[in-house]
Every structure is written in structure tokens, then in C-alpha cells.
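Accompanying notes for the structure given below.
The values are calculated or read from the model by the stated rules, or taken from the named source; none is laboratory data. Model, not experiment: these values are computed from the prediction. Cβ atoms come from the backbone with ideal geometry, glycine included; neighbour counts cover every protein chain shown. Ligands, DNA and RNA are stripped out before the accessible areas are found, and what is left, the full protein with its side chains, is counted by its heavy atoms. Shrake-Rupley method; radii C 1.70, N 1.55, O 1.52, S 1.80 Å.
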Amino acid sequence: MGLFILRRLGVMLLTALCLTFIVFFLTNLFPNLEKLAKTEGNFRMSDEAVISYLTREGHMQPLPVKYGQWLGVVPGFTFETDDGITGQCFDGALTAEQVAEQRRYCGILQGDWGFSTRFKDEVGPIIGERLSLTGILMFWVMLLMVPSALILGVLAGMREGSRTDRALSTVAITTTATPEYVSGVVLIAVFASSAVGLRWFKGTATGAMENPTFENFFLPVLTIALYGMGYIARMTRASMAEVMTAQYIRTARLKGVSFPNIVMKHALRNALIAPFTVIMLQFPWLLNGVVIVETLFNYKGFGWTLVEAASNNDIELLLGVSVVSVFVVLITQLISDIGYVYLNPRISVS
Amino acid sequence: MATWEYDGPILEIDKLSISFFTRLREIPAVMDFSVKVQPGEAVGLVGESGCGKSTVALGVMQDLGKNGRIVGGSIKFKGRDLGEMSDDELRTIRGSQIAMIYQEPMASLNPAMKIAKQLMEVPMIHEGLDEKAAYQRALEVVTDVKLPDPERILKSYPHQLSGGQQQRIVIAMALMSKPSLLILDEPTTALDVTVEAAVVELVKDLGKKYGTSMLFISHNLGLVLETCDRICVMYSGEAVERGSIEDVFDEMQHPYTQALFRSIPLPGADKNARPLVAIPGNFPLPHERPPGCNFGPRCDYFEAGRCDAGDIPMFDVPGNDRHATRCLRFQEIDWHAPIEAAAQHDKTEPGQVVLKMENLKKYYEVAANALFGGDKKVVKANETLSFEARESETLAIVGESGCGKSTFAKVLMGLETATDGQILLDNRNIESTPIENRDTKTVADVQMVFQNPFDTLNPSMTVGRQIIRALEIFGVGETEEERRERMLQLLDLVKLPREFADRMPRQLSGGQKQRVGIARAFAGDARIVVADEPVSALDVSVQAAVTDLLMEIQREQKTTLLFISHDLSIVRYLSDRVMVMYLGHVVELGTTEQVFAPPYHPYTEALLSAVPIADTHVEKQHIVLDGDIPSAMNPPPGCPFQTRCRWKSEVPGGLCEKEVPPVRQLGDGHQVKCHLSDEQLARMEPVIKIAAE
Amino acid sequence: MEPLSWSEIILRILGQFTPVWIALIVTFVVSILYKRRLGLYGKLFDSTIGMIGFALVMFWVFTGVFGGLFNLIITHDVLDQVSGMKNKVPGTPLPSPEDGVYEYYLLGGDNLARDVFSRMVKGAWEVIKIAPFATLFAFMVGITLGLPAGYYGGKLDTFLSFLANLILAFPVILLFYLLVTPEIVATGIPVYMAGVLFIFPIVFLVILYNSRFYTQPAKRNLYIAITLVIGLWLYLGIAWDADPLGLISFPPNLLVVFVSVVFVNSPTVFRIVRGLTLDIKTRDYVAAAQTRGEGPWYIMLWEILPNARGPLIVDFCLRIGYTTILLGTLGFFGLGLSPESPDWGSTINEGRKLLTIYLHPALPPAFALLTLVLGLNLLADGLREESLRD
């Protein structure tokens, strides 16, 4: 088991390196840098001015070097000006002696995530704060989505083809066919607009950042949960329906086990193996939902930050966001692998 | 507990009819079926696939699914009609009074539940035992089914046990509440022959010990002979003959039963002198049954206007005990008339050596654990294989799972290359030429017929197209028309109508698919054909026809046939020489006569004893092997067979555990890989004796 | 003029869709009459769910084609702004209609005073012209890579699976933001990606014909020549905008959208195909092909692929739905497509800003997208059920 996790971690690290490098490469393409220079300086900058700005900031170095500096495995970039030496790892212009006292490495490995041009603040704290906001959102989403999806799926799948199954399956299909930007719009229209007039909930979740209440938080949570719920429910249903036709269920039935006990004791664990992986692999998609819903409801969490960073060409913030999201996805994959081994006794753990 | 006093028959099925309802039509699966099971009696239900025997079992359990329904008749268990019971009543009977054992042991155990829990559940539900008492009971029963180390077994998950052990657990589960009736649905079909023999033995013993009545469903007449007191033969949804084993086996009164016996290779049969008689025609589809007698169109004694006039009831056979037949003419037919001689053939003499193997070895390197990797292990799939095969000769390769016969086929075909040794085809070395480097002639010369008829043809291509493709690849014919003509000739060769060229494989029956497979193999005039269990997945009556077809083509084309099989009856019938394999080793090699007569290799001896033979005149020595076949990943040291050998104690000094025995020549090309001395070998007695009639 | 009542609006809308109704009725009548001869497609008409799904899908396909290509259903041009119609409710008459101009905004006006109904109809065309083809390309890529990965296994499989997982671990939105921004388009990366991705169909077809007909060189050469000439012509035109005849070109912003959608979908298809291949390659007919010396590509494309078609067709339907959702997402974030584009995602995004006051601009495209994707899901379900039968 230890070796298995170790190998998984190795693959995960390699994946993370590849992905961050791709993001690094795409965000550090010249047009992006040129735009950065112009937004930081002024929009009528000449080409030479752009180049000199970029050189001063270290953006004109070869890509692998820059990536290494950003990671923190290559000494931080320094540049000698008339006033002294400026550098990635310290503020202002310093003399050579002063520079020698500064730390040489300052990448994400050292906890130095860079500076956000959009928020004019350190990237690290921004991400931490936004991530915790999204964490609260996700917590409630999971709490709503997973149990209801499993119950829906198990109820539909335990008697395949029955009326309950048809009804629940239709619900599940409809919710999978409704992306967040559709269901969110419909939910706001029905429950929060003055045109319909119900006004049960708030159409924005800005207030929920300080003080989440049922009124301002339920709609965003429901919107994310609905889309994922249908998918998980359908997976659970398919898996449950398959298990219910398995021979060992017939064995149990012909042993005289009652129907509720067949479902609870014999079918459930087997039927949950497949959906478990699905739930875990839902995370990349949930992130999608988070971005859409946070934009839609103006909830300034992680997804909202991603959109802000990307649309404002905030390179370092975008990099930070990418690293975090890639890691979230990879860690859930790891948990899914380990959990699968744990749930499924057929895979021996030596 | 639902028990009540009753001393009549345990199970009484009376004029039962079961139908399945699909969108298009009602499909009758069982019609007018009656049988009685007395206390302590074992009744065998025999028939080919699709005859409705499993439906009867599910009907007894009242578990026919959504589409199935009992449309007539009654099933009485200890005098009470099961059809009139409520779900709750049925539940109290299932598992406690009636228990069932299925074909696939792995599938019928819950993979995510420990064995102990699955066993303990039964008495806990039905007898209200607490966990401790239930565990004690489980331990007892697991000991009863002769599993080693019961406590460890109880703690394991099903996948940690071997197939044979799983089936013993399924049997244990059925016996947990000491039921009055045990239904066994092909309980040993998924097991190897030697394991099957041990399981059958166990079922017989336990049936006696617990006084359980049994309904034993099987397609294997020999197995029914060994286990049952009475037998009921089914054909196309109906019982056609019913009676005691002796009456039905020796004085059969229905043409189908007779035809069935004539189509299975009993010890007296011989491919040249006394060939098998296949039943003509095909099994009727459930919605296309003929009027009157269902067997009519395939029957030798068919009388138009009488046999197809109307439904035929069961007639009692006078003079016999509870012997009945569904034949109008059973008193007119001379049941003892000799078989109308099917064309006899002279024995063909083998020609020169075509294929020669010398010390062929094939080792694989596999990871010890598929998911987590780990150390590499070497699996010795084939260990020093040496033999010769001549033109027009049939060489049978016999062995159970893991013996390396499939690997050998792969190496010969060029799908794998040999680790060591050589394969000579017409004195050319081909052991290290993979198939993509072989010339077309070599590829066309060595072809293969596969085991599973439902898998052997590409489901999305017409039959004709598939044969034509083989012709294209083998470079037969210049134009599309020539190839089409040749394809039609090949269909003639395997006795299929030419219209079949444009059919899709799903429109063909299993036997017909297998014929197409044979036609495809002979597309390039193959000289060596490897037939990997070509008939084992087919029904008995079809087996004979396909076997005869193979023999006939072989005679015409002078083909060398390498016939891989685990079924010694058919091997005895058609092969000239036999090679017995166990865990990658050739343990015995010789002519058919030599191998089937003493001295045997101890494994051959056990194998011979394990094969059920459907003949009441045959007396068999009773040899039951302990345990399972060891895994090829982890073979025992020394002789591969030493873990199960009953002669091991006769070899001094524990030699069997230390050294792989040398190949011993016993004269006339008969060779054995065994440490036993010549005297000990000479003392061996024949396993099968045919009692004088 | 008086505003229309709701029943009048509905009647008028139904009337506008007349060509679609006719086409739908013809399709259904013909299909049901000949359903026994039409294979899996025919069997679809045995399943209620499948028929409902098919009807929904075909409704939007016909709407897209008639409205988008022939300007039949729409009442106004999608870019026309009529003064005084800003955010007007459904059924509002135009203040001073000219002759020949439709007098009402059937579903009201949006915040730029454009006709919501016509924009919704045109939006269908935006989806219909991209989603199926993007999905088809994703399948070509997934199949061409998934088959060898599953068939050969080993290092190739490890490598390709790693790549697929790499893309799958990428949050889709991030990928879109990285690929579809004008700065990245300026570097030409999407064009290179198109260059790589669009070569797959040609490679696929060439291998397909070669493996089948290499025993008959004349036939093979003919088929391959046709494929190469037509394929390369389309390829140059679409991917590189370098059609030597100057006939084919592809709007660059559409190309970017197309490429990113194909890119995101391919790894999932790859995984499905790989899994199916792993299963089917153990069948005896594959072994039979091997023992008669068939090449690996013949086995993959002619023995394995046709027998994997059932699950692939079902997934194809689901994936078109998913692609539709992705396109909506792109529109919702204003990525790739032009700001005036009538596609549903953009329209929803514009409409949501005033959602608590005006519902009508956002809801029609939302329901349109919902019904199309629902239709595709139901269709897939129907197909799955029918293909599992018999």
C-alpha cells in the first residue's frame, strides 16, 4: 500500500509539474507580457520601452529559467540598474552587499507566490482568503449533493424499470442537462426576481461572504449541487441496477433475505464502488460550476478570483490559482484511488 | 421456522407450464412438465441448453423475474402449493427448506462480504440464532465440506479462494439450514474435471448425511448417472422421458434419449469402426416449435400424420417402476435394433512428420501484483515440450486449466515466440519467427479453430465476408468473383447452405458458427489445424456433428489435427496419440491405447477416473484428488503433481518434492514423467472396466 | 397596436415554427414506416424516451438549419435594434413598423432593443454548426489514439494515458481562459493545435483504407488518393487558412473555439475507446485475425472498432450535449465568440445582468439550451436501452 501511494504521489508530482509548466508557458507568451507591460506602464508605450520594461522585470529570460525561478529552484532574478540592484526576492534597489544578505530563492516552494497586479497585494494571502470562502461553499454543496444523489440513485436503481425509477431518472437526466448558468438563471428568475415576485431568496450571494444565511446562500449551493447531483445519481442508478441483477443478489434472495436487507446489506457496498470514483472525479467539473456560480451570484471566492485574474492578465495570480486548482484535482484523484482500493476488497493490498 | 409434518413427496411438480413474455410474443419455456422428488431421493434433470431445465428450477424457487410467469399447473413443496404462498411465506422457505446452488460460484458469492457473514446470515434469518451460535454452525458446515483451515476461510473474501473452494462455500451456504430440498443448477460446469469429481463426491456424501432430496440439473448424462437415483430427460420445454437411472439408461423408451446416447462418445465408440451418430437438424426455437411431437422433425421414427397430429401426453412404460415416455410409438419401435451403420472408414495411416517440437520452453515474466507492481515473477508456461506430429494424424493435448496448452498453441501460431527449444515445420525452424514475419504459406498452413462459438466470428461482418477476408489474406483467387466462388465451396465443405454467406453471425446457431470457424481455418488449405476445445461449448447432439465434420475434412485433406481438450471421452474417440499436460509439463505421451491403459502416469489415472461416463456397464476405480490445481505463478517444487499425487508415498526419500522426474521411455514411444519404479507402474490397474453385458 | 396576450404569443410562435413542424412530421412518419429496415436508428422508434429525445434534438436541428441557413423562422434580423423596444416584455408591438417588417417582438426585446425570439432561433444554428462536428473530431482523435493504446498496451499506453490524464486534470475553464484569449490567438498556438488535431481524421481514413485493401493495391490506391486530395484540401483550408483554390476558410475566432472544444473532449473519448479495446481484444475473433496474420491496424479498425460502436454512439450523443454546454460556457464568459453573436451562452450572460427585473431576455435561450441537451441525453438513453435489447 505504501509503495502504491508513493508511486501515485510520484505520478501526481510529475503531472503537477507538467501542468504548471504549461500554464506558465501560456501565461508567459510574449503578447501576454506585452499587455502586462502596457497595463503596468502606459498603453502608448513604444516597443523598445516594452522590451526594456520586460528585461528589467526579468521577463525576457529563457522560459525554463523563469519557470525555475518561479518554482524556487533557481536563484531569483536580479537586475543591475544605476540605482543599485533590483530583484525578484526583495523590494527596491539595493547594493551588492545588501543583496548578498537577502534570500536567493523565492519561488512558490519558498511560499512566495508573487504579486497580484489586479488586487495590488501578495498572491498567497489572496488565494488563501478566497479559497476558504469557496471551501465554505463547497462544504454545503457536498453536504447537499452527495447524500441526495446517492439516495436518488439507490432508490431508482433498486427496482429497475419501475415507476419510481422512471420518475427519478427523468429528474436526474433533467438536472444533468441543465448547466449551472442555465439553472442559476432559472432559479434566480423564479425565486429571487421581482417579476415572478416570490423573492424567497436573494439573487446575489455577496452578503454570504461575511454572513452566510439560508436566504443568501441556498441558491448558489443548490445551483452547483443540481448539476453534479444528476450525474452522480445516474451513475449510482446504473451501478445499483447492475448489482441488483448480479447472481449473488439472487443467491441472497433465495437464501430468504428480505428486500430491504438485500439492498442495505448486499447491494449497497458493491453499488457504491463505481460512483465513489465518479464523485471524486467530479472535482474538476465542480470547479467549473464554482467559477460559473461565483460569477453569477457575485460571490467573491476562488472561482471569481480565477475569472478576475484571467480577464485582467494578472499573470502571477493566475499561476497561483492554477497551481491550487491542479493540486485540488490531483489530490482528489489520489483520494479516489486509495478509497477505491479500500472499498473494493477484490483489489488485494499487499 | 416454516416446517410442517408431511410424508408424501418432497417436491411434486404437476403439469407445469412457464412462459416468458416479450414485447412481441409469449415464449413458452416449459410445457406440461411433471416430476416428483421423494424424500432422500436425487432426481437428475437432463437436456441441452434452451430445453427449459433451469427455468424449472427457478419456477420451483418462484423467482422467474419480471417477464416470466407460471401459466399452468402447480408446484407443490411438501404438499403445499408454492404458487399460492405469499412473499413472506416464500421467504421463510427459501434458504431454510429449499436451497439452490448455481453454476458460477464466483458470481453467486457477494464479493464485498466476508464468507463468514454470508454463511451466518442463513441461520440468523431462519432460526433466529445469535451471532455466536451462527458462527459455530458456519464452522461446522465449512468443516463438513472438507475445506482446509475453516477459520481462515471464514475470514476471507470470496476472491481470495479458488474456484473449487468457492463452490464448496456455496454448497456450505445451501446446507446451513439443513434444507429438505437442494436444487443444483449445473454446479460443476465451471470447474476443472478433477475438481469437479471431488465436488460431486462431496455433494453425494452430504446428501446422504443430511438426508436431503436433490434436484440435479445438468447437461452431462455421465454426471447424472453418478449422482442421481432417477432421471428426467427434457427436450424443447417438455419432459420426454422419466424413470429410474437403470431404466432410462438401459431401456430407453424415447427416440431423443436414444439419439442422445448415440451421439456421445462412450468407451466403445471409435471414429473409424463405430462412429458417432449425430442428431440431424437443429434445436427448434421456442416460438417455432413444430406441431405434435417437438422432436418429430429430427426423429428417425417419425410418422407423418400421427406424430404431428396433436399434443402428445406422457405414457407409462408397462413393467417398469414409474417409467414414462412422451412417444406415441414407443411400443412399436425395436429399441434393441443395432445402430444403422453410419459410413465406416478405414483407418488412415499417418504420413511423414510435418511438425516437430524439441524441448520447447516458454517462460513469461509477470508482475506479482497487477495493481501495485512489485517483483517480477517468472511463470513457466511450457517446460521442455517435445513431440512429433505426422500428416493425417490426430494428436490430442489433454489437460486442465493452467496446464499450458493455450500457451503452446500461441507459440506454435507465432503469436508468441519461444523462450528456448525449437519448432520445426517441414524441417524449417519457426519457433522464433513471430506471425508478422512468417510468409503467407506458413501462416495459411498452421491455422486454428477456437473454443467459444459465440466469440469466434466478428459479430459485425457477414459470414461470407469473413471467409473471403481470410482468402484475401492467404492470397487465394485472383478476383473478387473467384474468391466468392471459393468461399461458397468452403461453405459446402462444412455442410452449410450457401445462403449463409450473406447472414450475420448472430443469425447462426452455435454449431453453425463453429462450422464457419472451421471453414475459415481451412481457407488457405491448412495442413496443421490446432483445434482448441472446438466442441466443448456446444450441446451434446451438435458436438457429434462438428466432431465428425472435422474428422471428415481431416481424412480428405490429410490434415494434421492438434486437438486440445480436457474431455477424455472425446479424446479417446478421435485421437491417434495423446499428450497429457500438467502445469506446463508433458507428464505422459503415447498412442491412445497406451495412454488409456495401465501403466498410467498418476495424473492420467486420476483424470481418467474423474471423467463421468454415461454408461451403466462401466465400472470405474474411484480416485479423488485432494485440493486444487496449483497456480502456474507458484508451482510446487519437484514434480509438479506431487501435491495431489496418491502414489507419492511409494517413492522413497521424498524424491518427488525435490526433483522434477526424468522422462521415462516405456517402449513403443510411450513416455511418462514420473519417479515411480517399473514394478510400481506395472502394478497399476485399469481405471475403467466395461462389465460384460 | 395592443400588446399580444400570452395565448396569442404562443400561437404566433408555433406558427413561426411551421417549417420545423412539417420537417419533423415527415421525418417521423418516414422513420416509423420503415423502422424495421433501419437498424439501430429504427429501433429508436420502439422506445418512448428515445422518440421524445429524438424529437427534441431534431426540433433544434431543423430550427437551426431553417432559421440559420435560410432565415425562415426568424422575425427580425438578430442585430437590428429598434428604438423604443429596449427590455420590452414579450408580445410588445413595434412602435412604427415599416412595411414588410414583423409587427411584434414575440419574446420581447433585450437591453439593446433586439428581438429575443430571433436571437434564440439563430442561436440554435451557432450550436448546430459547431457541436456535432467538434464532437466528431474529438472522436476521431480519441479513436485514433485510444485503439493503439488499448491494443498494444505497455509504454505507449502509459504515455498516452498520462497525457490524457494531464488534460483531464486541467480545470476546463482555466484551459479556455488560457486558450481562447486574444493574446494567445495572436501567438498562433490555436492554429498549430488545429494543425495537429485536424490531421487525425485524414490519418484515420488512410489507415482505415490501407489496412482493409492492401491486398488489392489498385482499389487501395484509389481510395487513399481520393481521401488525401479531399482531406488535405479541407485540412489546408480549415486549419491553416491556406486553401490553394481559395474556396474554404474558417473564421479564426470560430477555429479557436472549435479547437479548444475538441481538445477538451478528446481525452475522455480516448479513455472510453481504450477501455472498450481492452475488453474486445480478448475475443476469439481478434485472435483468429491475429492467427491469419492480419496487421494490427486492420484488427483495431475492422475487428475491434465496429464491435465497440454501440457504447460509442451512445457516448457520441451525450458528448454533443456536453459540447453544447461547453459552448454555452464559452459564451457565458464572453470567450472566443464575437460580442454580438446570438449564441445562447452569450445571450444568457447578457440577460442575467438585469435578471431580477427583466426575465424575458435570459430565459428563452436558457430553456432552448436545456431542451436541446435534455433531448440529446434522452436520445442517448433510448439508444442505450434499445442497443442492450435482443
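With respect to the stated conditions, A:Trp140 is away from chain C (no Cβ under 14 Å), among the aromatic types (Phe, Trp, Tyr) and farther than 30 Å from A:Glu242 by Cβ. Residues that are acidic (Asp, Glu) and either more than 14 Å from chain C (Cβ to nearest Cβ) or more than 16 Å from the chain's Cα centre (by Cα) (or both) within the stretch B:522-579 comprise B:Asp525, B:Asp539, B:Asp548, B:Glu552, B:Glu556, B:Asp567, B:Asp576, listed in sequence order. Checking each residue of the stretch C:333-343 against the condition of being open to solvent by 10 Å² or more (accessible area, probe 1.4 Å) and part of a helix (DSSP H, G or I) gives no match.
Open to solvent by 50 Å² or more (accessible area, probe 1.4 Å), touching a Gly at 6+ places or on another chain (Cβ under 8 Å) and not in a loop (DSSP other than H, G, I, E, B): which single residue out of B:Lys66, B:Lys15, B:Lys36, B:Lys76 fits that description? None of the other options fit; the residue is B:Lys15. Just one of the listed residues (A:Ala100, A:Ala93) is surrounded by 14 or more Cβ atoms within 10 Å (Cβ to Cβ), small (Gly, Ala, Ser) and away from every other protein chain (no Cβ under 12 Å), namely A:Ala93. Taking strands (runs of 3 or more DSSP E) as the structural unit, those lying wholly within the stretch B:383-472 and holding at least 2 residues that are open to solvent by 20 Å² or more (accessible area, probe 1.4 Å) correspond to B:420-425.
Please work out which residue is farthest from the other protein chains (Cβ to nearest Cβ), limiting yourself to the stretch C:290-307 and to residues that are in contact with a Gly (Cβ under 9 Å, 6 or more places away or on another chain) and hydrophobic (A, V, I, L, M, F, W, C). Filtering the stretch C:290-307 for residues that are in contact with a Gly (Cβ under 9 Å, 6 or more places away or on another chain) and hydrophobic (A, V, I, L, M, F, W, C), the one farthest from the other protein chains (Cβ to nearest Cβ) comes out as C:Met300. Within the option set A:Pro64, A:Pro31, being within 14 Å of chain C (Cβ to nearest Cβ) and out of contact with any Gly (no Cβ under 6 Å at 6 or more places or on another chain) holds for one residue only, A:Pro31.
Every residue, every condition in (1) of a type outside the set (A, V, I, L, M, F, W, C); (2) more than 14 Å from chain B (Cβ to nearest Cβ); (3) open to solvent by 20 Å² or more (accessible area, probe 1.4 Å); (4) free of Cβ contacts under 8 Å to residues at least 24 places away in the same chain, yes or no:
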position: A:Ala238; (1), (2), (3), (4): no, yes, yes, no
position: A:Ser258; (1), (2), (3), (4): yes, no, yes, yes
position: A:Met264; (1), (2), (3), (4): no, no, yes, yes
position: A:Ile292; (1), (2), (3), (4): no, yes, no, no
position: A:Phe302; (1), (2), (3), (4): no, yes, no, no
position: A:Leu306; (1), (2), (3), (4): no, yes, no, yes
position: A:Thr332; (1), (2), (3), (4): yes, yes, no, no
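Among residues of the stretch B:241-271 being hydrophobic (A, V, I, L, M, F, W, C) and under 17 Å from B:Val37 (Cα atoms), the one that is surrounded by the fewest Cβ atoms within 10 Å (Cβ to Cβ) is B:Ile245.
Look at (1) at the interface with another protein chain (Cβ under 7 Å from one of its Cβ atoms); (2) in a helix (DSSP H, G or I); (3) at pLDDT below 90 and you find that C:Leu378 fails only one, number (3).
Elements of the type helices (runs of 4 or more DSSP H) sitting completely within the stretch A:10-82 and holding at least 1 residues that are closer than 16 Å to A:Ile108 by Cα, open to solvent by 60 Å² or more (accessible area, probe 1.4 Å) and not small (Gly, Ala, Ser): these cover A:63-71. Restricting attention to the stretch A:90-114, the residues that are under 29 Å from the mean Cα position of the chain (by Cα) and in a loop (DSSP other than H, G, I, E, B) add up to 7. Check C:Phe162 against each of (1) surrounded by fewer than 18 Cβ atoms within 10 Å (Cβ to Cβ); (2) of a type outside the set (Ser, Thr, Tyr); (3) more than 8 Å from chain A (Cβ to nearest Cβ); (4) more than 19 Å from A:Leu33 (Cβ to Cβ) and name the one condition it does not meet. Unmet condition: (3). If you check C:Ser31 against the conditions, is it hydroxyl-bearing (Ser, Thr, Tyr) and over 25 Å from C:Val65 (Cα atoms)? For C:Ser31, the condition - hydroxyl-bearing (Ser, Thr, Tyr) and over 25 Å from C:Val65 (Cα atoms) - is not met. Residues in the stretch B:50-60 include none that are under 16 Å from B:Glu238 (Cα atoms), in contact (Cβ under 8 Å) with a residue 40 or more places away in the chain and touching a helix residue (DSSP H, G or I) at 6+ places or on another chain (Cβ under 6 Å). Screening the candidates B:Val542, B:Val516, B:Val530 for the property of being part of a strand (DSSP E or B) and either at pLDDT 90 or above or open to solvent by 10 Å² or more (accessible area, probe 1.4 Å) (or both) yields one hit, B:Val530. Do the conditions hold for C:Asn71, that is, is it on the phi > 0 side of the Ramachandran plot and of a type outside the set (Phe, Trp, Tyr)? When the stated conditions are applied, C:Asn71 passes them. Here C:Thr277 meets each of (1) more than 10 Å from chain B (Cβ to nearest Cβ); (2) of a type in the set (S, T, N, Q); (3) not in a helix (DSSP H, G or I) with one exception, condition (3).
Residues in the stretch B:178-218 that are crowded, with 18+ Cβ neighbours inside 10 Å and of a type in the set (D, E, K, R): B:Asp185, B:Glu186, B:Asp192, B:Glu196.
Per the listing B:Ala367, B:Ala381, B:Ala409, the residue uniquely within 14 Å of another protein chain (Cβ to nearest Cβ), in contact with a strand residue (DSSP E or B) (Cβ under 8 Å, 6 or more places away or on another chain) and modelled with pLDDT under 85 is B:Ala367.
For every residue, the table says whether it meets (1) in contact with a Gly (Cβ under 9 Å, 6 or more places away or on another chain); (2) open to solvent by less than 50 Å² (accessible area, probe 1.4 Å); (3) within 14 Å of chain B (Cβ to nearest Cβ).
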{"site": "A:Thr164", "(1), (2), (3)": "no, no, no"}
{"site": "A:Thr178", "(1), (2), (3)": "yes, yes, no"}
{"site": "A:Ala192", "(1), (2), (3)": "yes, yes, no"}
{"site": "A:Arg199", "(1), (2), (3)": "no, no, no"}
{"site": "A:Asn216", "(1), (2), (3)": "yes, yes, no"}
{"site": "A:Ile224", "(1), (2), (3)": "yes, yes, no"}
{"site": "A:Ala246", "(1), (2), (3)": "no, yes, yes"}
{"site": "A:Arg250", "(1), (2), (3)": "no, no, yes"}
{"site": "A:Leu254", "(1), (2), (3)": "yes, yes, yes"}
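Scoring C:Lys155 on the criteria (1) outside any helix (DSSP H, G or I); (2) open to solvent by 30 Å² or more (accessible area, probe 1.4 Å) leaves a single failure, condition (1). Of the residues making up the stretch C:62-91, those that are under 16 Å from C:Gln16 (Cβ atoms), open to solvent by less than 30 Å² (accessible area, probe 1.4 Å) and either touching a strand residue (DSSP E or B) at 6+ places or on another chain (Cβ under 7 Å) or touching a residue at least 60 places away in the same chain (Cβ under 8 Å) (or both) number 8. In the set (1) at the interface with chain A (Cβ under 9 Å from one of its Cβ atoms); (2) assigned to a loop (DSSP other than H, G, I, E, B); (3) without any contact (Cβ under 8 Å) to a residue 24 or more places away in the chain, C:Ala366 fails one condition alone, (2). Looking across the stretch C:259-294 at every residue that is more than 15 Å from C:Phe200 (Cα to Cα) and of a type in the set (Ser, Thr, Tyr), the one that is most open to solvent (accessible area, probe 1.4 Å) is identified as C:Thr282.
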